[in-house]
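Written out below as structure tokens is the structure these notes cover.
The values are calculated or read from the model by the stated rules, or taken from the named source; none is laboratory data. Keep in mind that this is a model prediction, so the values were computed, not measured. Note that each Cβ is placed from the backbone with ideal geometry, even for glycine, and that neighbours are counted across all protein chains shown. Only protein heavy atoms, including side chains, enter the accessible area calculation; ligands, DNA and RNA are left aside. Shrake-Rupley method; radii C 1.70, N 1.55, O 1.52, S 1.80 Å.
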Amino acid sequence: MLAEISHPVKSIMFADDIHIYLKGKNIKSKTRQLQDFLNDLFKWCFHSRFIFSPEKTKCIMFTKKKQSSKPKLFLGDTPLPFVNNIKILGLIFDSKLTWKPHISKTKTTTTKSINILKTLSHAEWGAESNILINLYKYLVRFKLDYGSICYTNANPNILKTIDIIHNSGLRVVTGAFRSSPIPSILSISGEPPLHIRRIKLALNYIARILSSPENSTLSFLTQNRFANTFCSNPNLKKPLGLRMLYEMSHTKIDPNLIIKRECSVVSPWRVPIFLLDTSLADHSKKETLNVIYKNLFNKIMDSFPSNLQIYTDASKTNSGVAIAILNGEQSISYKLPDHNSIYTAEYFALPEGVHLAIQLPDSTINICIDSLSALNNLKYNLHSSILVIKISNIIEKANKNIRFIWTYGHCGIDGNEKADKVAREAVNNPLTEIRTYSSLIDVHRNVNTFCTNLWESEWRRTLNNKLREIKNTTVYWLLKDVPWTSYAQRRTCNVPNLRRTSHSQAPPYPLPYLYRYQKKSKIAQKPL
């Protein structure tokens, strides 16, 4: 519909909602172009018998300038109202993009959810802290996370409203006092500050967009036309790509390294043309001899009419990461970036093995790998994993019969042992070719590590905090490790948290005192 109408006006469609927009400095000319577009759209609706709702249609003008009068737009004969705030997919946009209405609305909705937590954290029959933390994540935190990538560049004073909600919810969860230090509450609950949480969400979002070449926001994320303008004027609000450059460099997020998602050529209702054999996993490693494994492996090979076996393996040491593909006497090895995990390396070896297989004249080929997790991902994530889609597309286009076989590592199978040796040698060989692969799994792990280190560095710089003297990391302390928490009341379980947050000079686990506290409370409840 919109493609048939040629106008400089751009559009965004989601389900049954359509947003049309135009940017420029001359309001009169832009209003005329929008009105021409609306007239053509109304004519199209008349001929196609499609109806838009003028009552639900609203207009907004994003500008920092003061406007004495609003432009006038019509859909047919109905005038369209101009508003100061508009809600799009749950986000409230104001005309000056201050995000104040959205944050105020978020505060109102999350306050109601915190009241539910207050009820469930009753001193006598309340839930345990770990349960309340999970409830906080599902009832409160997800509302704070939604849209945080957009409103991160809001005024810091406005963002403090969200921080107050975050701290208030965790104070209820941990049973801390109002006077408890906020860094101590965050450390006890294992929840990072919201500014670090927003960094994590933004980096994961950027990595996901960079892995999708067809995403419409990719061009806005990677363009740096106005980088010098933003750098010269710090008062300007930077776009997401420029705002996160430092964090992207430290988490290895590079558009040229992240493996790109492809469209699957295999229909979702079709059975994949490749086969998977993980029958050797039915035999326990501790109870099965290597000779038996070799006999079972040879039996599997005899069941498939192919004399060609390709072995893939990976190795990760302090020196680096490498993969190896072995076909008889032919061996191929590549180095990967050091931040890749051994699981990712094993997984990257599979498409390289498939590339080698389709170049061979044989129509039926066995590919052996000793990573069961990689084959399980290949089996259960056929239409969601990036690498699985890439592998299935290669096999579909090559029209080959390929069977993936899982083998135990280091059990005497010759091909697997040779592939492992080639991979280990490739790690220390400076002449090994480097393949710049990076998966979303490794990127997310790097992002988690970066944000954890960022939070712990802030925690270590905290001064005049008694919890910091006994807790060097931000790792969440589970109260289930304390024997009395399985039957004690919530009031009793909160005592360690109160002691840790500088409300007492006593040690963190005063068990004799807690037993006396519980005994006295039972005596006090007895009728006279």
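Could you work out how much longer the chain between His19 and Asp362 gets when fully extended? Use 0.36 nm per residue separation minus the Cα distance between them, nm to one decimal.
Net length gain for the segment: 118.1 nm.
For region 70-163, what does the alpha-carbon gyration tensor say about shape, rounded, prolate or oblate, given a ≥ b ≥ c as the root eigenvalues, a/c under 1.5 as rounded, and a/b over b/c as prolate?
prolate
Rank Gln67, Tyr334, Ser284 by how far each Cα sits towards the positive end of the charge dipole of the chain (+1 on Lys, Arg Cβ; -1 on Asp, Glu Cβ) and give me just the farthest.
Of the options given, the answer is Gln67.
Given Cα pairs under 8 Å that are at least 6 residues apart, what percent is the relative contact order of the chain?
15 percent
Picking from Gln35, Pro192, Ile103, whose Cα lies most toward the positive end of the charge dipole for the chain (charges on Cβ: Lys, Arg +1; Asp, Glu -1)?
Toward the positive end, the furthest listed residue is Ile103.
When only Cα pairs under 8 Å and 6 or more residues apart are kept, what is the percent relative contact order across region 191-294?
About 28 percent, as a whole number.
Once you list every other residue whose beta carbon is under 15 Å from the beta carbon of Leu372, what net charge do they have if Lys and Arg are +1 and Asp and Glu are -1?
That works out to -3.
Per DSSP H run of at least 4 residues, take -39500 (n - 2.57); add these up for the chain, divide by its residues and hand me the 222 nm value, nearest 500 deg cm²/dmol.
-14000 deg cm²/dmol
Classify the chain as rounded, prolate or oblate, taking a ≥ b ≥ c as the square roots of the eigenvalues of its Cα gyration tensor: rounded when a/c is under 1.5, otherwise prolate if a/b is larger than b/c and oblate if not.
Oblate, because a/c is 1.5 or more while a/b does not exceed b/c.
Only Lys, Arg, Asp and Glu count, each charged at its Cβ (+1, +1, -1, -1), so figure out the dipole size of region 9-133 about its Cα centre, rounded to 20 debye.
Charge dipole, region 9-133, about its Cα centre: 920 debye, nearest 20.
Can you pull the Kirkwood radius for region 161-298, inverse mean 1/r over Cα pairs, to one decimal in Å?
Evaluated over region 161-298, this radius sits at 20.8 Å.
Have a look at the DSSP beta bridges in the chain and tell me what percent are antiparallel, nearest 5.
65 percent
Anything over 20 Å Cα to Cα? Flag those among Lys87/Lys237; Lys56/Lys107; Lys28/Lys64; Lys56/Lys87, in the order listed.
Lys87/Lys237; Lys56/Lys107
Once the Cβ-Cβ distance between Asn376 and Cys150 is put in as r, and R0 is 45 Å, what FRET efficiency do you end up with, to the nearest 0.05?
With a Förster radius of 45 Å, E is 0.80.
Would you calculate the separation in nanometres between label points at Ile292 and Arg32, each defined as 7 Å from the Cα along the Cα-to-beta-carbon direction?
Label-label distance for Ile292 and Arg32, simple model: 8.7 nm.
What would the Debye equation give as log₁₀ I(q)/I(0) for region 349-481 at q = 0.11, 0.15, 0.17 Å⁻¹, counting only Cα atoms as equal point scatterers?
-0.65, -0.91, -1.05
Please give me the summed charge of the neighbours of His410: other residues whose Cβ is under 13 Å from its Cβ, Lys and Arg +1, Asp and Glu -1.
0
Quick check on packing: order 274-280, 365-371 by the mean number of other C-beta atoms within 10 Å, highest mean leading. Please list the in-between numbers first.
Working: 274-280: 15.9, 365-371: 23.4.
The peptides rank, most packed first, as 365-371, 274-280.
Please name whichever of Leu296, Thr364, Pro239 sits farthest to the positive end of the charge dipole of the chain, dipole taken about the Cα centre and charges placed at Cβ: Lys and Arg +1, Asp and Glu -1.
Working it through, the farthest residue towards the positive pole turns out to be Pro239.
Please get the size of the charge dipole for region 49-95, origin at its Cα centre, with Cβ charges of +1 on Lys and Arg and -1 on Asp and Glu, quoted in debye to the nearest 20.
180 debye
List the chymotrypsin sites (Phe, Trp or Tyr not before Pro) in region 1-108 that DSSP assigns to loop (not H, G, I, E or B) and whose Cβ has at most 11 other Cβ atoms within 10 Å. Which are they?
Phe50
When the dipole is taken about the Cα centre of the chain, and only Lys, Arg (+1) and Asp, Glu (-1) are charged at their Cβ, what size is it in debye, to the nearest 20? List each step's numbers first, then the result.
Numbers: 71 positive and 39 negative charges, 753 e Å.
With only Lys, Arg, Asp and Glu charged at Cβ, the dipole is about 3620 debye.
Would you please name the trypsin sites (Lys or Arg not before Pro) within region 284-385 that are DSSP coil residues with at most 15 other C-beta atoms within 10 Å of their C-beta?
Hits after loop and neighbour filter: Lys285, Lys286.
Sort Met13, Met248 by accessible area with a 1.4 Å probe, largest first.
Sorted by accessible area, descending: Met13, Met248.
Could you name the aspartates and glutamates in cross-link range of Lys100, using Cα to Cα under 19 Å and dropping any fewer than eight places away on the same chain?
Cα-Cα hits under 19 Å: Asp145, Asp163.
What is the ratio of the Cα radius of gyration of region 306-350 to 2.2 N^0.38 Å, where N is its residue count, to two decimals?
Values: Rg = 11.3 Å, N = 45, 2.2 N^0.38 = 9.3 Å.
Here the Cα radius of gyration is 1.21 times the empirical estimate.
Which aspartates and glutamates have a Cα less than 15 Å from the Cα of Lys66, not counting those fewer than 8 places away in the same chain?
Straight-distance partners of Lys66: Asp94.
In nm, to one decimal, how far is the Leu89 label point from the His355 one, both placed 7 Å along Cα→Cβ?
3.4 nm
Counting Lys and Arg as +1 and Asp and Glu as -1, what is the net charge of the other residues whose Cβ lies under 12 Å from the Cβ of Leu218?
+2
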